[in-house]
Amino acid sequence: MFGIFDYVKLAVGVLAGLFLYHLYAVSIGYPSAARAARAGYVLVAERTAAEAKAAEMERQRNAAAQATEEHRKRLEAAAAQSAKSEITREAEIRGYELLLSEKNRKCLADAADVDFLLHH
């Protein structure tokens, strides 16, 4: 049978094995803890990706709204400038016609001729 020294050697071997497993688990990480961390990681990663996608869509929506507002303002400014230039042009035409009438001369150009000159 076994002697007392055999039992001591067996106990020392078991303790050495447990000590080596503990060193491995501490240096590498406990496998059960790693599995538990990986199980929750997928859900966290999916949630983070969804939040990032939502934030990007919000940013794009805000940028589109801002661009639309700026375009509307530019369009209003262009319309105001066009109306102002139309008024100025009409005033110049009236002034020129007044100058011609003071000198007893007539402008033989009709509205179609004026439009042709303005657009060509």
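The values are calculated or read from the model by the stated rules, or taken from the named source; none is laboratory data. Just so we're clear, the structure is a prediction, and the values are computed from it rather than from any experiment. These area figures cover heavy atoms from the full protein model, side chains too; ligands, DNA and RNA do not enter into them. Shrake-Rupley method; radii C 1.70, N 1.55, O 1.52, S 1.80 Å.
Odds and ends about this structure:
- Computed from Cα positions, the angle between helix 31-102 and the longest principal axis of the chain comes to roughly 10 degrees.
- Calculated log₁₀ intensity ratio I(q)/I(0) where the Debye formula runs over C-alpha points of the chain, q = 0.22 Å⁻¹: -1.20
- Per residue value of the accessible surface for the chain (all protein chains in place, 1.4 Å probe), Å²: 91
- Degrees separating the helix 4-28 axis from the principal Cα axis of the chain, which is the longest one: 10
- Within the accessible area of the chain, the carbon and sulfur atoms contribute 66%, probe 1.4 Å, all protein chains present.
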